[in-house]
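Below you'll find the structure, written out as C-alpha cells, and then a few comments.
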Amino acid sequence: MTAANVVSGPWWLVAVCAAAAWPLGRWLGGVLAGGDYRLDDEQDHPVPGRQWLVTVGLIVVSALLARMVGWTAGGTLLPTFLLVGVVGVALAWIDSDVHRLPVGLTYPTAIGVVGLLAVAAATTGQWGSLGRALGVGVAAYVVLFILALVSGGQFGLGDVTLGAMLAVPLGYLDLRSPLWAIALAFILSGVWSVLGLITRKLTLRSHIAFGPFLLIGGLLATLAATR
C-alpha cells in the first residue's frame with residue numbers, strides 16, 4: 001500500500017473550481033444566515049454576520065484543493081477532497097457559532113467520502129490505498145473517541161466523527177498526513193487558547209470550537225502531502 005503519486009492540478013482547473021465555488025459559496029452563506037442548523041436552546045443570540053466569509057473561504061479552499069490534489073490518481077481524488085472542503089466550510093461556520101457539529105452533515109459526508117474513494121479505487125485499481133484509508137479512519141475514530149471520553153467535555157463526539165472523516169481521504173494519500181492533521185489541530189487550538197487567556201477573551205473554563213482547527217489541520221496536512 002504505497003502513497004498516492006501526487007500530481008498538481010493545472011491553473012485552468014484551479015480557475016474552474018474557484019469560479020464554481022463563488023455561486024455555491026453565496027448560496028451556502030445564505031443558507032447558514034438563516035440559522036436553520038440551530039436547535040431550540042441555541043436561539044438566544046443573533047446568527048453571526050459576515051456571510052461573505054463563507055464565499056471567500058469556499059473559493060480559497062476549492063482553489064487550493066484543485067491545485068494541491070489536482071490530477072492525483074488520475075483526478076479521481078479531487079471530488080472527495082472538494083466534498084470535504086465544501087462541507088468543511090459549513091461545519092467550521094456552524095461549530096464556531098454553536099460549538100456543535102451536526103450529524104446531519106458529518107454522517108452523510110463520511111458516507112460520501114467512502115463512496116467517492118471507492119469509485120477512485122475502482123477506477124485506478126488502487127484498492128490498497130482504499131484499504132489503508134479505511135484502516136486509518138477507524139484508527140483515528142478509536143483514538144479520538146478515547147480522547148473524548150477523558151477530555152471532560154472539551155472534545156465532543158462530533159469532533160471524533162470529523163477527525164475520522166478527515167483521516168480517510170488523507171490516509172488515501174499516505175499514512176503520515178492524518179497524524180499531521182490531528183497533531184496540527186491540537187497545536188493550533190492550544191495556541192489559540194493561550195492567546196485567548198493572555199487577552200482575557202477566554203478563561204480556564206471556556207470551551208472552544210475544535211472543528212475549525214481540525215479542518216485547518218487537515219488542509220495544512222494536505223498541503224504538506226502534496227507539495
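The values are calculated or read from the model by the stated rules, or taken from the named source; none is laboratory data. Quick caveat: nothing in here was measured; it's all calculated off a predicted structure. Note: ideal-geometry Cβ built from the backbone for every residue, glycine included; neighbour counts use all protein chains shown.
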task = Return yes when Leu58 is farther than 21 Å from Leu130 by Cβ, surrounded by fewer than 23 Cβ atoms within 10 Å (Cβ to Cβ), aliphatic (A, V, I, L, M) and free of Cβ contacts under 8 Å to residues at least 60 places away in the same chain and no when it is not.
result = no
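Residues checked against (1) assigned to a helix (DSSP H, G or I); (2) more than 20 Å from Ala110 (Cα to Cα); (3) under 13 Å from the mean Cα position of the chain (by Cα); (4) of a type outside the set (Phe, Trp, Tyr):
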{"site": "Arg132", "(1), (2), (3), (4)": "yes, no, no, yes"}
{"site": "Tyr141", "(1), (2), (3), (4)": "yes, no, no, no"}
{"site": "Leu166", "(1), (2), (3), (4)": "yes, no, yes, yes"}
{"site": "Ser189", "(1), (2), (3), (4)": "yes, yes, no, yes"}
{"site": "Ile208", "(1), (2), (3), (4)": "no, yes, no, yes"}
{"site": "Pro212", "(1), (2), (3), (4)": "yes, no, yes, yes"}
{"site": "Gly217", "(1), (2), (3), (4)": "yes, no, yes, yes"}
{"site": "Ala224", "(1), (2), (3), (4)": "yes, yes, no, yes"}
key: Filter result (without any contact (Cβ under 8 Å) to a residue 40 or more places away in the chain, hydrophobic (A, V, I, L, M, F, W, C) and closer than 9 Å to Thr80 by Cα) within region 107-124   = Leu116
inquiry  = Suppose we filter region 3-29 for residues that are over 20 Å from the mean Cα position of the chain (by Cα), part of a helix (DSSP H, G or I), of a type outside the set (A, V, I, L, M) and more than 10 Å from Gly70 (Cα to Cα); how many remain?
reply    = 2
request  = Could you identify the single residue in Gly115, Gly74, Gly57 that is modelled with pLDDT under 95 and small (Gly, Ala, Ser)?
outcome  = Gly74
remark   = Pairs returned, first residue in region 27-45 that is free of Cβ contacts under 8 Å to residues at least 60 places away in the same chain and surrounded by 15 or more Cβ atoms within 10 Å (Cβ to Cβ), second residue that is aromatic (Phe, Trp, Tyr) and in a helix (DSSP H, G or I), beta-carbon separation under 9 angstrom, 6 or more apart or interchain, are Gly29/Trp52; Gly29/Trp93
query = Taking only pairs six or more apart or across chains, which ones have beta-carbon atoms under 6 Å, a first residue in region 135-154 that is within 14 Å of Leu214 (Cβ to Cβ), and a second residue that is small (Gly, Ala, Ser)?
reply = Gly137/Ala164; Gly137/Ala167; Ala140/Gly163; Ala140/Ala164; Ala140/Ala167; Tyr141/Ala164; Leu144/Gly163
